[in-house]
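Scroll down for the structure; my scribbles are underneath it.
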Amino acid sequence: MSKIPVIEMFGPTIQGEGAVIGVKTMFVRTYGCDYRCGWCDSAFTWDGTAKNKVRMMEAEEIINELLALAGDNFDCVTISGGNPALIGEGMGTFINLLHERGIIAAIETQGSKWQDWFNDVDVLTISPKPPSSGMTTNWEMLDNIMSKMEKLGRSTHSLKVVVFDDKDFDYAKNVHQRYPNVQLFLQPGNDDVTEEGNISARLLGRLEWLFNKVIVDSDMNKVRVLPQLHALIWHNKRGK
Ligand SMILES: C[S@@+](CC[C@H](N)C(=O)[O-])C[C@H]1O[C@@H](n2cnc3c(N)ncnc32)[C@H](O)[C@@H]1O
Ligand SMILES: Nc1nc2[nH]cc(C(=O)O)c2c(=O)[nH]1
Ligand code: SF4
Ligand SMILES: [Mg+2]
């Protein structure tokens with residue numbers, strides 16, 4: 001059996017981003033990332049500061065813990081990280097167990113790695129990283145992932161790009177031109193993930209800036225611009 005490194009589980013909460021924004025969901029956050037985005041809002045999943053909280057868990061144990069947390073008060077589990085795509089067959093087993101219980105599986109990943117269990121995911125969010133992150137996109141890998149997902153013919157996948165500045169917006173445009181048939185979500189960046197208290201006004205300011213970028217750009221007629229809804233409500237609080 002291959003175990004899964006879990007750093008936190010929480011919920012039920014409301015999915016705050018992307019294609020299924022607004023849906024009630026549990027979260028399972030895996031430990032470890034192959035990226036180090038300068039503005040990562042979940043850096044504790046890879047920077048070592050919370051390493052002592054990691055538990056190596058069997059798929060079955062994770063389900064049992066979710067059920068203990070929430071009973072039958074959910075039918076969606078979102079697996080985020082870190083990068084859940086670093087995990088092999090254990091994650092496939094976990095997704096199968098969710099399906100056996102009629103629970104859907106949503107994944108958040110950056111598109112730097114493929115796993116065969118992507119084929120079984122109900123909602124796959126691929127979030128390639130713009131220049132402000134400090135990361136470099138492996139376009140060959142991303143092309144590969146996008147073409148495998150397209151071949152599935154179920155359009156369970158979408159793209160989500162976080163935008164902090166004009167260069168990121170150009171990057172998002174590039175992504176949209178490269179994969180014109182895949183729904184692209186734009187999300188404004190939260191440029192201070194440690195600020196305490198109410199950050200809604202700051203985030204809404206960034207959302208308005210992004211709205212205005214999209215409004216005047218005829219290459220962006222088909223994108224959708226969304227906030228991080230949970231951050232508007234719960235700010236930088238962890239486990240929400
Ligand atoms: C923490 S990541 C984990 C999953 C995966 N590693 C990824 O990046 O897609 C989850 C989502 O949060 C977004 N995100 C991280 N930091 C952010 C920030 N400061 N502002 C806005 N979105 C952020 C990421 O781009 C990604 O879409
Ligand atoms: N409510 C809520 N929605 C989210 N959507 C993506 C998240 C993530 O950190 O991957 C996230 C999160 O952490 N909380
Ligand atoms: S890829 Fe995701 S988890 Fe990894 S550093 Fe970037 S935002 Fe954070
Ligand atoms: Mg988050």
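For the reader, a short list of remarks on this structure follows.
- Residue-span extension gain [residue 165 to residue 139] - 0.36 nm each, minus C-alpha spacing: 7.3 nm
- Given their separation in residues at 0.36 nm each and the Cα-Cα distance between them, residue 50 and residue 68 gain 4.2 nm when the chain is fully extended.
- Neighbour-limited loop hits for trypsin sites (Lys or Arg not before Pro), region 128-211 (at most 12 other Cβ within 10 Å; DSSP other than H, G, I, E, B): 154
- Inverse of mean 1/r across different Cα pairs in region 89-222, Kirkwood, Å: 16.4
- Distance between the 7 Å Cα→Cβ label points at residue 177 and residue 222: 1.5 nm.
- With Rh defined as the Kirkwood radius, the inverse of the mean 1/r over Cα pairs, the Rg/Rh of the chain is 0.94.
- Inter-part distance where region 1-69 and region 114-132 are each reduced to a Cα centre, Å: 15
- Across the options 218, 124, 112, the greatest Cα extent toward the positive end of the charge dipole of region 111-240 (unit charges at beta carbon of Lys, Arg, Asp, Glu) belongs to 124.
- Simple point charges give the picture: +1 on the Cβ of Lys and Arg, -1 on the Cβ of Asp and Glu, and for the chain a dipole about the Cα centre of about 160 debye.
- Under DSSP loop assignment and at most 13 Cβ neighbours within 10 Å, longest GluC sites (Glu not before Pro)-free interval of the chain: 1-194
- Spin-label pair residue 114/residue 211, simplified geometry with 7 Å Cα→Cβ offset, distance in nm: 4.0
- Placing +1 on the Cβ of every Lys and Arg and -1 on the Cβ of every Asp and Glu, with no other charges, gives region 14-116 a dipole of roughly 320 debye about its Cα centre.
- Where trypsin sites (Lys or Arg not before Pro) fall in DSSP loop in region 9-68, at most 11 other Cβ within 10 Å: none
- Theoretical ellipticity at 222 nm over the chain - DSSP helices of four or more residues, -39500 (n - 2.57) apiece, nearest 500: -9500 deg cm²/dmol
- Unpartnered cysteines - no second Cys beta carbon under 4.7 Å - across the chain: 33, 76
- Per the Cα gyration tensor, region 54-156 maps to an equivalent ellipsoid with semi-axes of 26, 16, 12 Å, ordered largest to smallest.
- Pairs from the list 113/237; 51/222; 3/151; 51/151; 129/240; 53/173 with a Cα-Cα gap above 32 Å: 51/222; 51/151; 53/173.
- Cα-based shape type of region 67-107, given that a ≥ b ≥ c are square roots of the gyration tensor eigenvalues and the cut on a/c is 1.5: prolate
Read the figures in this text as sums done on the coordinates, not as results from a lab. On a predicted model such as this, the values are computed, not experimentally measured, just so you know. Cβ: placed from backbone, ideal geometry, glycine included. Neighbour counts: every protein chain shown.
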